[in-house]
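Trainee: Pasting in a structure now, in structure tokens, and then I'll have a few things to ask.
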Protein chains: 10
Amino acid sequence: MLFKVEMTVRLPATMPAAEADALKKTEREVAQGLMRDGTWRHLWRVAGRYANVSIFDVDSVEQLHQLLSGLPLFPYMDVEVVPLCRHPSSIRDDDR
Amino acid sequence: MLFKVEMTVRLPATMPAAEADALKKTEREVAQGLMRDGTWRHLWRVAGRYANVSIFDVDSVEQLHQLLSGLPLFPYMDVEVVPLCRHPSSIRDDDR
Amino acid sequence: MLFKVEMTVRLPATMPAAEADALKKTEREVAQGLMRDGTWRHLWRVAGRYANVSIFDVDSVEQLHQLLSGLPLFPYMDVEVVPLCRHPSSIRDDDR
Amino acid sequence: MLFKVEMTVRLPATMPAAEADALKKTEREVAQGLMRDGTWRHLWRVAGRYANVSIFDVDSVEQLHQLLSGLPLFPYMDVEVVPLCRHPSSIRDDDR
Amino acid sequence: MLFKVEMTVRLPATMPAAEADALKKTEREVAQGLMRDGTWRHLWRVAGRYANVSIFDVDSVEQLHQLLSGLPLFPYMDVEVVPLCRHPSSIRDDDR
Amino acid sequence: MLFKVEMTVRLPATMPAAEADALKKTEREVAQGLMRDGTWRHLWRVAGRYANVSIFDVDSVEQLHQLLSGLPLFPYMDVEVVPLCRHPSSIRDDDR
Amino acid sequence: MLFKVEMTVRLPATMPAAEADALKKTEREVAQGLMRDGTWRHLWRVAGRYANVSIFDVDSVEQLHQLLSGLPLFPYMDVEVVPLCRHPSSIRDDDR
Amino acid sequence: MLFKVEMTVRLPATMPAAEADALKKTEREVAQGLMRDGTWRHLWRVAGRYANVSIFDVDSVEQLHQLLSGLPLFPYMDVEVVPLCRHPSSIRDDDR
Amino acid sequence: MLFKVEMTVRLPATMPAAEADALKKTEREVAQGLMRDGTWRHLWRVAGRYANVSIFDVDSVEQLHQLLSGLPLFPYMDVEVVPLCRHPSSIRDDDR
Amino acid sequence: MLFKVEMTVRLPATMPAAEADALKKTEREVAQGLMRDGTWRHLWRVAGRYANVSIFDVDSVEQLHQLLSGLPLFPYMDVEVVPLCRHPSSIRDDDR
């Protein structure tokens, strides 16, 4: 089941650079693990913003929430979730 | 180059059903042609709305505008375009 | 899987009363069918508005979209869908 | 009488983890007490957010305000209240 | 129980003047009946708008919705309902 | 002359409890003085929020601004003012 | 007493030109009468819009509403009213 | 050339009172200088807010920006600028 | 003096194609005349919308309003005007 | 390829003046370098705001994001990007 997830990150100006870097490094590792197992299907940067547009492929809303709320940057994210489904005009097999 | 495009369709209540059906049929044919040649990379239905989330892969903004403004349903669409680029954490080759 | 769905109905002022009544009657029958089979779990009227707050229990986003877009009043509805999941503090078994 | 209540929690970035944990623990105990006595009828997590959708069943607006403003996390919540009533198409006895 | 209700009226430009006048006359009679029995406690015009700010005193949300949805101008109104309760600093006995 | 005033209070998280309590106590005394002399005609709590809906009866906009900007909590308030006037359908003598 | 009033005019596309012209001519006469007696103190066009920014000087909110709701174009206007008062830094005698 | 300028001031809660007072005093002197030379034509307080509505009469947008960005409180202001021009119905010579 | 002007065109669905074509043709001629004399300095299409972003170079706000309100499509446009001035970091002579 | 970019800068009130000045100086040097090589085609100040309207001419969205996210003030900017294309009515060769 597919969900469009848009995340905007706002780190506090007072966070030390080292702490921010460590958070981003762990975030990247977690994200790439989810991409490797196919759960985080697409990930794009929004031009000019510290934000992304993502497509998640999960078995349940529960699983989606566990993944998102477990991200290291989650406490600093503004997250918007939109449920998607197959479009009747689609011809791509994996845009289910 | 990738762009997220979100389209919401609002047909006038006064449009005869036959005209609406003809428009939608042509729209579908045009859309599938663009999907076949790889320009309209992804197309999903937004659950509960007459709207879609799409990803276009084009060579220029000009090409994107020609494609969108040439859609049969364009006069009845509310369209929002967001430019995307490769995310540094992405591991998918085609999410460029 | 649970989704909160909020529907606001806007019938065109020009729709004949008989047509509106017929639509509402069919809508009611379809809605009650979905309530009987447990898919449309909760349905409340928003005070002072021609709108409702609903909770749907479905197996997939696809099923949710089929149900919503098949409602007789769908062409006249503004629909907002929010995916829900079990709250860690919940003690109700069926608020999964 | 039923009210839909949507709560979004925003803890200050400067709150020590121990203080946040203590607050959440007490919040959970208070919430479960209200769920046990039937006042807090439904509680769901909004996917991807530190927020919930709830249904309260109270005797008066006064009682609702006392409950909400007495929650340990209330000072950090953005709360939206919408009064609900029985929908004429409902067939569930307890969706009054 | 008190609710603040704000109503904005938008009559279609195509409604014949006679029909509009008849609707407004009936609306006035219904409103004054509700004011006389104490249900519609306060009614003020918003300066410069075809809109009002009202305070209703009802026994239940159900009763409030019946009153509002039964108003002759209801199909042409945009209605916003906010539940109120006694303020701890109030010294007026009837601002309960 | 009547004005609807809606006030939302946002105390900084860093304000010591004693300072907040002192401010609220003075606010209450000032508010009750204004209620006693009839200037602050109505005061209700908005359910679930640290906010109120008020009706002020003043001789001029100048007087209204002096009262509001003199409130102890004014620096922490978001204030919205809407001028009201007698509604032609009103039957209450004091809803002038 | 001064009020800033912003009016945006939206004439229906179906209104015959002669009717629109007659309305605008009467509007102009009424407006100029109010300007001559000092009630409509300032009137400016907003660049690029069929809208104005005005300052009214009235004895009461009631008078303001009578003037605004009596304008020939009132049924086609979106009106926003903001109460003003003398600024402590002002040195102009008539900006009271 | 006239511009409507609306300024809302938000001083940080942490600014010492003496610093705030000094800033306001200088602001007042600068503002009164501009009013004396006719550049800051009108200045009104918005009732219930730390905000003003102003009309500036300048020779160029450049001059307007220099004046506004040179105000002592500018770093703490939210500023909105709307270009105005003479209204065809105006009869005041100086509302050019 | 420079102004950013954003125009969104919304032709009524009921306008005959011939009338729309004639309007657009005249609009184009007027626009190109203004571009030739340097008043309409820049004109770009917004991708995916029937809208443009423009830069006007005028001697006064009055002139700007005359130009905009004289455009054949003006009655069907939503127009937003933002006054610009030279940026201190600019190195382009004509971005004054 | 052209993009309209609107940047609003919000420096934290706690940033030391020397740090802010150094940031602005570097920002200016970077910006002027991009203007010299033709990438940052236009740059205007928004009157009354610490904000600009810019037009970028880039080969790809990727390049645009690299430029924007590399600006020294980027962490303190709110950035909005709108893709533009040549307008069919344009007569300027370089408004491609």
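The values are calculated or read from the model by the stated rules, or taken from the named source; none is laboratory data. All figures in this text were calculated on a predicted structure; none of them were measured in a lab. Counting neighbours? That spans all protein chains shown, and the Cβs are built from the backbone with ideal geometry, glycine included. Keep in mind that these areas ignore ligands, DNA and RNA; they rest on the heavy atoms of the full protein, side chains included. Shrake-Rupley method; radii C 1.70, N 1.55, O 1.52, S 1.80 Å.
Trainee: Could you list, in sequence order, the residues of the range C:6-24 that are more than 19 Å from residue C:53 (Cα to Cα) and open to solvent by 60 Å² or more (accessible area, probe 1.4 Å)?
Mentor: C:13, C:14, C:16, C:17, C:18, C:19, C:21 - these are the residues of the range C:6-24 that are more than 19 Å from residue C:53 (Cα to Cα) and open to solvent by 60 Å² or more (accessible area, probe 1.4 Å).
Trainee: Let me ask something additional. Does residue C:31 satisfy the criteria of being of a type outside the set (Val, Ile, Thr), crowded, with 18+ Cβ neighbours inside 10 Å, modelled with pLDDT of 95 or more and in contact with a helix residue (DSSP H, G or I) (Cβ under 8 Å, 6 or more places away or on another chain)?
Mentor: no
Trainee: Next question, about the same structure. For the range G:6-54, which positions are among the aromatic types (Phe, Trp, Tyr) and facing chain H (nearest Cβ under 9 Å)?
Mentor: Result: G:44, single match.
Trainee: When you check residue E:57 against the structure, is it within 14 Å of chain F (Cβ to nearest Cβ), open to solvent by 20 Å² or more (accessible area, probe 1.4 Å) and either closer than 17 Å to residue F:82 by Cα or without any contact (Cβ under 8 Å) to a residue 24 or more places away in the chain (or both), yes or no?
Mentor: No, not satisfied.
Trainee: Something else about it: Taking the range F:70-89 only, how many residues are of a type in the set (Ser, Thr, Tyr) and within 11 Å of chain E (Cβ to nearest Cβ)?
Mentor: Adding up the residues that qualify gives 1.
Trainee: Please state which of the following conditions residue B:92 fails to meet, knowing it meets all the rest: (1) modelled with pLDDT of 95 or more; (2) within 12 Å of chain A (Cβ to nearest Cβ); (3) open to solvent by 20 Å² or more (accessible area, probe 1.4 Å).
Mentor: Failed condition: (1).
Trainee: Yes or no: residue B:80 touching a strand residue (DSSP E or B) at 6+ places or on another chain (Cβ under 6 Å) and open to solvent by 70 Å² or more (accessible area, probe 1.4 Å)?
Mentor: Spelling it out, residue B:80 is indeed touching a strand residue (DSSP E or B) at 6+ places or on another chain (Cβ under 6 Å) and open to solvent by 70 Å² or more (accessible area, probe 1.4 Å).
Trainee: Would you mind stating whether residue I:86 is closer than 30 Å to residue B:3 by Cα, open to solvent by 30 Å² or more (accessible area, probe 1.4 Å) and over 14 Å from the mean Cα position of the chain (by Cα)?
Mentor: No: the conditions fail for residue I:86.
Trainee: Within the range F:34-43, can you find the residues that are among the small types (Gly, Ala, Ser) and surrounded by 12 or more Cβ atoms within 10 Å (Cβ to Cβ)?
Mentor: Listed by number, the list is empty, since nothing qualifies.
Trainee: Check residue F:79 against each of (1) at pLDDT below 95; (2) closer than 27 Å to residue E:47 by Cα; (3) of a type outside the set (Asp, Glu) and name the one condition it does not meet.
Mentor: (1)
For every residue, the table says whether it meets (1) of a type in the set (Gly, Ala, Ser); (2) more than 19 Å from residue F:76 (Cα to Cα); (3) over 14 Å from the mean Cα position of the chain (by Cα).
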| site | (1), (2), (3) |
| --- | --- |
| H:19 | no, no, yes |
| H:27 | no, yes, no |
| H:31 | yes, yes, no |
| H:40 | no, yes, no |
| H:46 | no, no, no |
| H:64 | no, yes, no |
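Trainee: So which strands (runs of 3 or more DSSP E) stay within chain C end to end and still have 3 or more residues that are over 24 Å from residue E:60 (Cβ atoms)?
Mentor: Once the strands (runs of 3 or more DSSP E) in chain C are filtered for at least 3 residues that are over 24 Å from residue E:60 (Cβ atoms), what remains is C:2-9, C:77-86.
Trainee: What is the residue count in the range F:60-92 for residues that are without any contact (Cβ under 8 Å) to a residue 40 or more places away in the chain, of a type outside the set (A, V, I, L, M, F, W, C) and more than 22 Å from residue F:11 (Cβ to Cβ)?
Mentor: Matching residues across the range F:60-92 total 10.
Trainee: Looking at residue F:56, is it of a type in the set (Phe, Trp, Tyr) and under 17 Å from residue E:90 (Cβ atoms)?
Mentor: So residue F:56 passes the test.
Trainee: In this structure, is residue J:63 surrounded by fewer than 21 Cβ atoms within 10 Å (Cβ to Cβ), facing another protein chain (nearest Cβ under 8 Å) and of a type in the set (S, T, N, Q)?
Mentor: It is false that residue J:63 is surrounded by fewer than 21 Cβ atoms within 10 Å (Cβ to Cβ), facing another protein chain (nearest Cβ under 8 Å) and of a type in the set (S, T, N, Q).
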